[in-house]
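Read the structure below first, then the notes.
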Amino acid sequence: MTGAEHEARPVAVVTGASRGVGKGVALALGDAGYRVYLSGRTETGPLSIGATAEEVARRGGEGVPVRVDHAVDAEVEALFRRVEEESGRLDVLVNNVFAIPKERMWGVPFWEQPIHLWDQMHTVGLRSHYVASVHAAPLMVRAGRGLIANVSSFAGAGFQLNVAYGVGKAGVDRLAADMAHDLKPHGVTSLSLWPGIVRTEWVMAQEELPFSTEVSESPELTGRAVAALAADPELLARTGRVWIVAELAESYGFTDVDGTRPPSLRALAREARAKEKARQQSQQQQSQQQQSQQSQQQQSQRENGAEGER
């Protein structure tokens with residue numbers, strides 16, 4: 001790669017990029033020609049930042065693996081200092097890293113779960129996003145542009161898996177909105193992304209799940225959403241809000257890796273509610289009709305009885 005080509009590449013940081021949604025985002029940004037700094041703790045092996053970097057390069061981007069423990073602030077600061085020194089710019093930050101507990105994530109009431117689940121998921125999954133954004137923001141503010149995309153979940157709006165998980169995702173959404181307040185005057189966008197059911201390695205390895213994967217999407221769909229957002233000249237109009245990945249696919253016209261466009265879980269929920277409402281209305285109408293018929297029959301019987309008495 002020539003120096004000019006290196007300078008021309010847009011630059012992204014994707015946290016937690018060794019697997020899952022983070023890896024999918026990195027690969028999609030590789031397709032778009034980005035120089036992608038990939039943070040994570042696993043450096044070698046099939047599910048590692050090294051392997052993701054190699055695949056990013058095969059797709060036409062440039063992958064830069066950087067070992068980072070996002071529970072250690074100094075390591076996060078060093079990552080962004082390296083980005084500034086080597087690239088001199090930062091166009092996109094994707095806050096994705098999340099610490100998945102070893103304990104069972106669902107089917108257990110919160111008072112029976114260890115308290116450290118709260119600390120683990122909120123340290124690397126919420127606080128980590130804030131710390132990374134603190135170090136990314138100056139680079140973007142200086143340039144007068146940039147995108148901070150925070151990978152969140154439908155759990156931010158309603159119960160999923162467990163209490164600590166949902167509170168953490170609600171926190172991510174609020175973080176995105178409040179950062180947008182400070183960043184918008186500088187031309188920098190901050191938003192949240194809600195993927196649907198994602199076929200990550202962790203999800204597909206579970207023997208049982210509290211949800212179906214029949215309607216699901218690949219990790220790269222979120223990455224394609226990030227790439228489409230970053231290329232949108234009207235991006236700033238989307239700041240401070242939550243965006244559903246499947247709905248962004250519909251809006252921007254991109255598809256998943258298999259060429260399909262998965263439906264929005266919100267749209268499916270609306271359809272289900274509409275069907276349930278229609279079912280209840282139908283039952284109510286049938287009940288009213290039955291009551292009317294019974295009333296008519298009783299009235300007819302009373303009238304016949306009165307005629308017989310005459």
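A compact table of results
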read-out	value
Surrounding net charge for Ser218, when Lys and Arg each add one and Asp and Glu each subtract one, Cβ distance under 15 Å	-2
Net charge of neighbours whose Cβ lies under 13 Å from the Cβ of Trp194, counting Lys and Arg as +1 and Asp and Glu as -1	0
Whole-number percent relative contact order across the stretch 1-77, with pairs defined as alpha carbons under 8 Å at least 6 apart	28 percent
Interchain or long-range residues, amide H under 5 Å from Glu62's placed H	Tyr34, Arg35, Val36
Between helix 265-309 and the chain: long-axis angle, C-alpha atoms, 0 to 90°, nearest 10	0 degrees
For the chain: accessible area per residue (Å², 1.4 Å)	51 Å²
Label-point separation, Ser251 to Thr123 (7 Å along Cα→Cβ), nm	3.6 nm
Where the Cα pairs of the stretch 1-131 fall when distances are cut into 5 Å bins, in %	2, 11, 20, 21, 17, 12, 7, 5, 3, 1, 1, 0
Over 22 Å [Cα-Cα, the stretch 111-247], rounded percent	42 percent
Cα-Cα separations in the stretch 54-106 greater than 17 Å, expressed as whole percent	54 percent
Theoretical gain in end-to-end length, Glu112 to Thr42 [0.36 nm per residue, Cα-Cα removed]	22.1 nm
Contour excess over end-to-end distance, with Cα ends at Gln286 and Met204 and 0.36 nm allotted per residue	25.1 nm
The chain - mean residue ellipticity at 222 nm from DSSP helices (-39,500 (n - 2.57) per run, n ≥ 4, rounded to 500)	-16500 deg cm²/dmol
The stretch 104-170: C-alpha pair distances exceeding 17 Å, %	51 percent
Gain in span if fully extended, Tyr130 to Ser295, counting 0.36 nm per residue against the direct Cα distance	52.8 nm
Percent breakdown of C-alpha pair distances by 20 Å bin, ordered from the shortest bin, for the chain	30, 49, 11, 7, 3, 0
Whichever aspartates and glutamates have a C-alpha closer than 14 Å to that of Lys102, once near sequence neighbours (fewer than 8 apart) are set aside	Asp119
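The values are calculated or read from the model by the stated rules, or taken from the named source; none is laboratory data. Because the structure is a prediction, the values reported are computed rather than measured. In this analysis, Cβ positions are derived from the backbone assuming ideal geometry, glycine residues included, and neighbour counts consider all displayed protein chains. These area figures cover heavy atoms from the full protein model, side chains too; ligands, DNA and RNA do not enter into them. Shrake-Rupley method; radii C 1.70, N 1.55, O 1.52, S 1.80 Å.
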